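Beneath this line is the structure, given in structure tokens, with notes to follow.
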Amino acid sequence: MSSDLTFSITQKEIDALADEIKKNYTEAQLAQGGAASKFCEVWPPVKEGLTVLKDVLAVVKLPGVALFASAAIAVVLAAGDATSKALCKK
């Protein structure tokens with residue numbers, strides 16, 4: 001397996017996921033607070049930490065780990081950004 005593989009998620013894909021989240025999360029659920037409210041509170045520092053971890057993995061180049069961990073982090077960042085766009089007031 002080549003170590004120069006890259007993984008990317010487009011803004012269009014993130015926007016599509018945000019639209020799906022909006023369609024499936026009701027205003028009543030948002031009004032109740034709970035998980036959505038907590039997510040909106042913690043996402044910014046979580047995103048920052050994940051971004052730093054992804055950057056560290058890119059520099060450290062752990063054989064066999066960095067590639068898969070970076071891809072997994074990219075998926076979590078994309079899902080988090082889509083969820084933030086769908087549920088959090090800016």
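The values are calculated or read from the model by the stated rules, or taken from the named source; none is laboratory data. Note that the structure is a prediction, hence the values are computed from the model and not measured. We place every Cβ from the backbone using ideal geometry, glycine too, and count neighbours over all the protein chains shown.
Under 30 Å from VAL59 (Cα atoms), modelled with pLDDT under 75 and in a loop (DSSP other than H, G, I, E, B), is that true of SER8?
Working: under 30 Å from VAL59 (Cα atoms): yes; modelled with pLDDT under 75: no; in a loop (DSSP other than H, G, I, E, B): yes.
No, not satisfied.
Listed here are the residues, each with its yes/no results for (1) surrounded by 15 or more Cβ atoms within 10 Å (Cβ to Cβ); (2) in a helix (DSSP H, G or I); (3) in contact (Cβ under 8 Å) with a residue 12 or more places away in the chain; (4) aromatic (Phe, Trp, Tyr).
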site: LEU50; (1), (2), (3), (4): yes, yes, yes, no
site: VAL59; (1), (2), (3), (4): no, yes, no, no
site: SER70; (1), (2), (3), (4): yes, yes, yes, no
site: VAL76; (1), (2), (3), (4): no, yes, yes, no
site: ALA82; (1), (2), (3), (4): yes, yes, yes, no
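How many residues are aliphatic (A, V, I, L, M), more than 24 Å from GLU20 (Cα to Cα), touching a helix residue (DSSP H, G or I) at 6+ places or on another chain (Cβ under 8 Å) and modelled with pLDDT under 90 if we restrict to region 34-61?
Our first condition is that a residue be aliphatic (A, V, I, L, M); within region 34-61, this holds for 35-36, 42, 46, 50, 52-53, 56-60.
Among the residues that remain, those that are also more than 24 Å from GLU20 (Cα to Cα) are: 52-53, 56-60.
Subset that is touching a helix residue (DSSP H, G or I) at 6+ places or on another chain (Cβ under 8 Å): 53, 57-58, 60.
Next, from what is left, pick out any that are modelled with pLDDT under 90: 57-58, 60.
Number satisfying all stated conditions: 3.
When only residues in region 11-27 that are among the β-branched types (Val, Ile, Thr) and at pLDDT 80 or above count, which is surrounded by the most Cβ atoms within 10 Å (Cβ to Cβ)?
Applying the first criterion (among the β-branched types (Val, Ile, Thr)) to region 11-27 yields 14, 21, 26.
Checking the rest, the ones that are also at pLDDT 80 or above come to 14, 21.
On the way: ILE14: 19, ILE21: 17.
If we take residues in region 11-27 being among the β-branched types (Val, Ile, Thr) and at pLDDT 80 or above, then ILE14 is surrounded by the most Cβ atoms within 10 Å (Cβ to Cβ).
Can you confirm whether LEU30 is outside any helix (DSSP H, G or I) and either at pLDDT 85 or above or surrounded by 11 or more Cβ atoms within 10 Å (Cβ to Cβ) (or both)? Explain how you work it out, then say what you get.
Numbers: outside any helix (DSSP H, G or I): no; either at pLDDT 85 or above or surrounded by 11 or more Cβ atoms within 10 Å (Cβ to Cβ) (or both): yes.
Against the criterion (outside any helix (DSSP H, G or I) and either at pLDDT 85 or above or surrounded by 11 or more Cβ atoms within 10 Å (Cβ to Cβ) (or both)), LEU30 does not qualify.
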